[in-house]
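Please treat every number below as a calculation from the coordinates, not as lab data. It should be emphasised that the depicted structure is a prediction, and the values quoted were computed from it without experimental measurement. We place every Cβ from the backbone using ideal geometry, glycine too, and count neighbours over all the protein chains shown.
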Amino acid sequence: MVPGESVTDLHKIVVVGGGAAGLELVTKLGNRLGRTGKAHVTLVDRSRTHIWKPLLHEVAAGSLDIDQHAVDYLHHAHANHFRYRIGEMTGLDRSARTVQLSASVDSEGREVTPVRSIPYDTLVMAVGSTTNDFGTPGVKEHAIALDTKEQAVRFHQRLVNGMLRAHTQVGPVRPGQLHVTVIGAGATGTELAAELHRTTREVAKTGLDRIDPSKDLKITLVEAAERILPAVPERLSGEVMALLAEIGVEVRVKSRVTEVRPEGVQLADGGFIPSELVVWAAGVKAPGFLHDIGGLETTRSNQLVVTPTLQSTRDPAIFAMGDCAYLVEHGSDTPIPPRAQAAHQQASHLLAQIPNRIAGKPLKPFKYRDFGSLVSLGHYTTVGNLMGFIQGKNMFIAGLFARVMYRSLYKMHQQAVNGTVKTALDALARALTRRTVPRIKLH
């Protein structure tokens, strides 16, 4: 018999996935419905802590210490009137209305929690997305994605170790030894390339004098499309392209990768990029376990197909939001893009609609509003376009104002999760300690 959770008479809301949207939703549901005894709210996630995903490129580059920004699920759940259950979702029993979880184990392989099931009356799938390698040979073996905090930390450790190795080895730095190739020039890849250009040179200044940054350190950004940042306006893409060229990041557009090898990246046109560190940031798909899970309708990229109310097409008790949801709004030919602003809007929408479902009231359809795009190139600059502030027009922004807008997105997420007071105190604490800690993480 599979162990399960005890069943209560309260309406049981289960949110699977503690990313930005999932954590925002479960926190507010806990404070609104869990605290007052109107519902039983549970978060399921295989990790024990949350980190805002747009920060992962900074973790990988070493410009952000993940321990200072992680939210502990167990403590956060206790403080916000919901329960947290660790485990990876492996199955769904729609007739019994239960979510199946795998056992969790520690770093020594010992079982921490057993295989078990979690009952629900309303289920919200918010499991996000993973990198899509399109079956390219060598990616799994020789490249690192930035889907999780563990991957970001692993890349950073490999980067620092590689620089230490180059500094202490007997011979000179080999061609390609300290080269980093970033495959995929979307927001994550582009931001990472710029951030790495700065942090690698900062690390080299910490006594690694045998490394010549101008000769030994090289960052290459590879994109299969005709331009970088293909999902944003062309003017924004052009501004970023010019800046990358100015700081010395090599950009190769219209370049399709056919294989990743231990010593570098093979291109379809016959070219080869020597590189011992490769990041794969090209393409996204929903997690593989979602494919036809519980008989629900899914796309080829494993996304759950939902109705305008964000309910799955085959079960009104199951909702999906964020990158794992597939919704084509009325009058549109394309689905809502897998972007953080869409996930945030969907979380806010479900916060208002789930109480209506519990009360037996009709649900309102979700309406997506595109507010534009912001791309941060670290300390160099930030650029973007804002939509809807001037009716019928887009507003291009750059520099300090754009950087403030970009940073405010994270503050908005922190405020949604931690509240205004705690977010303000956290910002003050970071301002006070900024000069007492290294600017770049060196381990």
Worksheet item: Going by average Cβ neighbours within 10 Å, how do the peptides 299-309, 189-199, 406-416 rank, with the highest at the top?
Response: 189-199, 299-309, 406-416
Practice prompt. Find how much the distance from residue 10 to residue 410 grows on full extension, using 0.36 nm per residue of separation minus their present alpha carbon separation; answer in nm with one decimal.
Written response: 140.6 nm
Practice prompt. Could you rank the peptides 146-158, 252-264, 101-113, 206-218 by their average count of other C-beta atoms within 10 Å per residue, with the highest value first?
Written response: 146-158, 252-264, 206-218, 101-113
Fill in: Options 163, 144, 413, ranked by Cα towards positive dipole end of the chain, top entry (Cβ charges)
413
Worksheet item: Taking the alpha carbon gyration tensor of the stretch 6-134, what are the square roots of 5 times its eigenvalues, largest first, to the nearest whole Å?
Response: 26, 19, 14
Worksheet, complete the sentence: Assertion target for 422, 361, ordered by fewest C-beta neighbours within 10 angstrom first, is 361, 422
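Cα-based Rg of the stretch 372-433 per 2.2 N^0.38 Å, rounded to two decimals?
Cα-based Rg divided by the globular estimate yields 1.31.
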Response to the item:
Final fewest-first order of 181, 136 on the 10 Å Cβ neighbour count is 136, 181
Item to complete: Let me know the charge dipole size of the chain about its Cα centre in debye, to the nearest 20, where only the beta-carbon of Lys, Arg (+1) and Asp, Glu (-1) is charged.
Response: 1120
Response to the item:
For residue 258 and residue 292, extending 7 Å from Cα along the Cα-Cβ vector and measuring point to point gives, in nm, a value of 3.3
Worksheet item: In whole angstrom, how far apart do the alpha carbon centroids of the stretch 242-315 and the stretch 112-146 sit?
Response: 14
Worksheet item: Which of the aspartates and glutamates could a cross-linker bridge to residue 149, judged by Cα under 14 Å and excluding same-chain residues fewer than eight apart?
Response: 45, 58, 65, 67, 72
Item to complete: Give the relative contact order (percent, whole number) for the chain; include only Cα pairs under 8 Å separated by 6+ residues.
Response: 16
Worksheet entry | Phi-based couplings in Hz for the stretch 174-191 (Karplus 6.51, -1.76, 1.60; Gly and Pro marked x) | 6, x, x, 5, 10, 8, 10, 10, 9, 9, x, 9, x, 4, 4, x, 5, 5
Discussion item. With angles folded into 0 to 90 degrees, how steeply does helix 234-247 sit against the dominant principal axis of the chain? Use alpha carbons for both and round to 10.
Written reply: 40
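To the nearest 0.05, what FRET efficiency results for residue 48 and residue 115 with a Förster distance of 30 Å applied to their C-beta separation?
The computed FRET efficiency comes out at 0.95.
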Worksheet entry | Most positive-pole-ward Cα, 321, 273, 253, against dipole of the stretch 233-323 from beta carbon charges | 321
Discussion item. If I model a spin label as a point 7 Å beyond the Cα along the Cα-Cβ vector, how far apart are those points for residue 215 and residue 72 in nm?
Written reply: 4.9
Worksheet, complete the sentence: In debye to the nearest 20, the charge dipole size for the stretch 273-405, taken about the Cα centre with +1 at each Lys and Arg Cβ and -1 at each Asp and Glu Cβ, equals 440
Item to complete: At 37 °C and 0.692 mPa s, grab the translational diffusion coefficient of the chain from Stokes-Einstein with a Kirkwood Rh over Cα pairs, rounded to a whole number in µm² per second.
Response: 141
Worksheet item: Given R₀ = 30 Å, FRET efficiency for residue 421-residue 154 by Cβ-Cβ distance, to 0.05?
Response: 0.30
Practice prompt. Would you be so kind as to identify which of 112, 71, 82 lies farthest towards the positive end of the dipole of the stretch 64-113, taking Lys and Arg as +1 and Asp and Glu as -1 on Cβ and the Cα centre as origin?
Written response: 82
Practice prompt. Identify all lysines with a Cα-Cα distance to residue 38 below 29 Å; exclude those on the same chain that are fewer than 8 residues away in sequence.
Written response: 12, 28, 361, 364, 367, 422
Practice prompt. Show the residues, 5+ positions off or on another chain, whose built amide H is closer than 5 Å to the amide H of residue 116.
Written response: 101
Fill in: Where labels lie 7 Å past Cα in the beta-carbon direction, separation of residue 333 and residue 202 in nm
4.5
Item to complete: Calculate, for residue 364 and residue 140, the FRET efficiency according to 1/(1 + (r/R0)^6) with r their C-beta to C-beta distance and R0 35 Å; round to the nearest 0.05.
Response: 0.25
Discussion item. Tell me the angle of helix 400-418 to the major Cα principal axis of the chain, expressed in degrees between 0 and 90 and rounded to the nearest ten.
Written reply: 40
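Determine the dipole magnitude for the stretch 112-241: charges of +1 sit on the beta-carbon of Lys and Arg, -1 on that of Asp and Glu, nothing else is charged, the reference point is the Cα centre, and the result goes in debye to the nearest 20.
520
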Worksheet item: Build a GNM of the chain with springs between Cα atoms under 10 Å: which of 399, 331, 30 gets the top mean-square fluctuation?
Response: 331
Worksheet item: Quick one: Karplus J couplings for the stretch 23-31, per residue in order, coefficients 6.51, -1.76, 1.60, θ = phi - 60°, nearest Hz, x for Gly and Pro?
Response: 5, 4, 5, 5, 5, 6, 5, x, 6
Response to the item:
Neighbour-count ranking for 219, 51 (other C-beta within 10 angstrom, fewest to most) reads 51, 219
Practice prompt. Please label the shape of the stretch 267-376 as rounded, prolate or oblate, based on the square roots a ≥ b ≥ c of the eigenvalues of the alpha-carbon gyration tensor (a/c under 1.5 means rounded; beyond that, a/b larger than b/c means prolate, else oblate).
Written response: prolate
